[in-house]
Amino acid sequence: MNISMYNEEIQQIKTSLAPFKAFIKRRAQGHIPYDYLVPAGPYQEQWDWDAFFMGVALAADIPSEAIYLRNWALNYIINARPSGKVAGCLTAKGYDERLNHMKPFLAQGAYLAGKFLKDYSWLKKHWTKMKKIVLFREKHLWNNKYGLGVWYDSMESGADNNIACLDYPKSSVIATDLNTLIYREYKAVSLLAEILGKNKDAKKFKDRADTIKKNFNNFLWNEKDGIYYNINSRSGEYIKRISYNSLIPLFGNIASQKQADSIIQKYLLKPGHFWSDYGIRTLSKSDPDYNNKKIIKPYSNWQGPVWPIANFIYMQGLLNYGYQKEAIEVAKRISKLVLDDIKTTGGMHENYDAETGKPLAADNFVSWNILVSNMLEEAVNKKNPFAISP
């Protein structure tokens with residue numbers, strides 16, 4: 001591949017998005033003791049996955065900027081209760097209970113921050129508390145029959161109205177996105193433990209990660225349909241909605257090559273399911289609830305629109321399984337969406353109409369969409385700043 005042919009396009013994207021990075025940084029205040037990252041606009045809170053993805057995006061450009069990723073981790077560790085519970089949203093006044101418990105990102109963020117900064121010493125005195133946060137879900141939000149985690153509710157998941165999780169009883173959905181993140185989280189703890197010389201923890205969490213992956217493929221893979229589904233633990237039945245959830249295991253390297261080929265070729269690349277001229281949808285076009293409505297309250301719309309964050313995750317999943325050509329095409333389409341938005345409106349949005357490419361919700365939204373700054377470069381060079389590997 002002639003990488004140089006993309007250099008001008010890559011530079012244009014980086015130049016266009018660079019000014020927006022200044023809007024996401026906030027000074028420490030109140031119960032948030034370290035400088036932190038926010039979605040630009042009215043937000044002053046630290047949100048779990050917004051700041052995680054923003055922190056890695058900053059560090060991927062300038063490694064020293066991983067100080068914000070380190071701060072993100074420390075803010076959660078310091079705010080955690082003795083049980084290990086910590087809300088996914090922190091404010092200067094304390095907890096915001098809208099997100100019951102933070103998503104499984106803490107160890108991943110700590111590992112990647114240390115990797116970018118070439119320094120893990122800051123984590124040593126917080127090791128026990130960090131482990132409690134990581135293990136809280138296994139103790140309190142877990143289904144022992146399947147040996148997998150459950151979301152407290154769809155809002156906790158971040159994919160607010162994802163049809164494969166929405167309106168089910170609390171703590172009942174065994175979800176593919178959640179357990180992909182738990183698998184990555186336990187891998188990260190294992191690597192951190194090894195770095196810090198805690199060999200028993202390293203083995204324990206490696207073994208747990210392997211078990212999570214095994215249970216994941218035993219229970220969440222539907223051989224007949226050739227795709228992963230969530231499970232309703234109350235009935236034991238698959239939640240047969242072909243959604244954003246079904247593609248996330250590609251990001252976590254949980255699928256075998258054969259499984260990945262099935263998901264990608266039968267669903268992801270099919271215009272009748274996920275593939276559109278403007279990126280990859282968040283819900284199959286064949287689903288009866290598929291729509292491109294402009295929704296921001298009471299939740300954001302994950303029932304069809306193209307989200308830059310989801311497409312970044314999909315893109316890295318494609319790269320994991322050898323679909324570089326398709327990954328580059330996704331990066332190009334999302335970059336064009338965002339650049340056109342900036343030229344037209346002066347800003348970005350959190351999602352876009354999958355049928356027209358028009359901006360939908362959240363005017364002047366700056367959060368994880370700064371990942372777009374690096375998407376094409378990463379696709380062309382097969383780079384993954386989120387890799388949980390030595």
Discussion item. Taking a ≥ b ≥ c as the square roots of the Cα gyration tensor eigenvalues, with a/c under 1.5 meaning rounded and otherwise prolate when a/b beats b/c, else oblate, which class fits segment 188-293?
Written reply: prolate
Practice prompt. Select from Y299, Y267, Y34 the residue whose mean-square fluctuation is largest in a Gaussian network model of the chain (Cα-Cα springs shorter than 10 Å).
Written response: Y299
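Counting only Cα atoms, I'd like the Rg/Rh figure for segment 85-161, Kirkwood definition for Rh.
Answer for segment 85-161: 1.01.
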Worksheet item: If the viscosity is 1.306 mPa s and the temperature 10 °C, what translational diffusion coefficient in µm²/s does Stokes-Einstein give for the chain when Rh comes from Kirkwood over Cα pairs?
Response: 76
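Just tell me, in residue order, which DSSP H segments of the chain are both 24 angstrom or longer along the helix axis (alpha-carbon based) and at least 0.0 in mean Kyte-Doolittle hydropathy.
Span-like helices, by this rule, are 176-195.
Using a/c under 1.5 as the rounded threshold, could you call segment 262-320 rounded, prolate or oblate? The axes a ≥ b ≥ c are square roots of the C-alpha gyration tensor eigenvalues, and prolate needs a/b larger than b/c, oblate otherwise.
oblate
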Worksheet item: Of the peptides 245-256, 278-289, 179-190, 204-215, how do they stack up when ordered by the mean number of other Cβ atoms within 10 Å, highest first?
Response: 179-190, 245-256, 278-289, 204-215
Practice prompt. List, in the order given, every pair from K132/K382; K21/K129; K258/K325 whose Cα-Cα distance in the structure shown is over 24 Å.
Written response: K132/K382; K21/K129
Item to complete: Using only the Cα atoms of segment 219-344, build the gyration tensor, take square roots of its eigenvalues as a ≥ b ≥ c, and label the shape rounded, prolate or oblate: rounded if a/c is under 1.5, else prolate if a/b is larger than b/c, else oblate.
Response: oblate
Worksheet item: Could you name the aspartates and glutamates in cross-link range of K224, using Cα to Cα under 20 Å and dropping any fewer than eight places away on the same chain?
Response: E237, D261, D287
Worksheet entry | Cross-link partners of K14 among aspartates and glutamates (Cα-Cα below 13 Å; sequence separation of 8 or more within a chain) | D61, E377, E378
Fill in: For W151, distant residues with modelled amide H under 5 Å away
V173, A175
Discussion item. Below 8 Å, C-alpha to C-alpha, sequence gap of six or more: please give me the relative contact order for the chain in percent.
Written reply: 16
Worksheet, complete the sentence: In this structure, among K213/K266; K93/K203; K139/K270; K93/K125; K294/K336, pairs with alpha-carbon gaps over 28 Å are K93/K203; K139/K270
Worksheet item: What does the helix-only formula give at 222 nm for the chain: each DSSP H stretch with n ≥ 4 adding -39500 (n - 2.57), the total divided by the residues, and the result rounded to the nearest 500 deg cm²/dmol?
Response: -13500 deg cm²/dmol
Discussion item. For the chain, set up a GNM with springs between Cα atoms under 10 Å and report which of E350, E237, E326 has the largest fluctuation.
Written reply: E237
Worksheet item: Cα convex hull of segment 1-142: mean projected area in nm², to one decimal?
Response: 10.4
Worksheet entry | Length-normalised contact order of segment 49-203 in % [C-alpha pairs under 8 Å, at least 6 apart] | 21
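Bear in mind that the values in this text are calculations on the coordinates, not laboratory data. Since this is a predicted model, take the numbers as computed values, not measurements. As a convention, Cβ positions derive from the backbone with ideal geometry for all residues, glycine included, and neighbour counts pool all protein chains shown.
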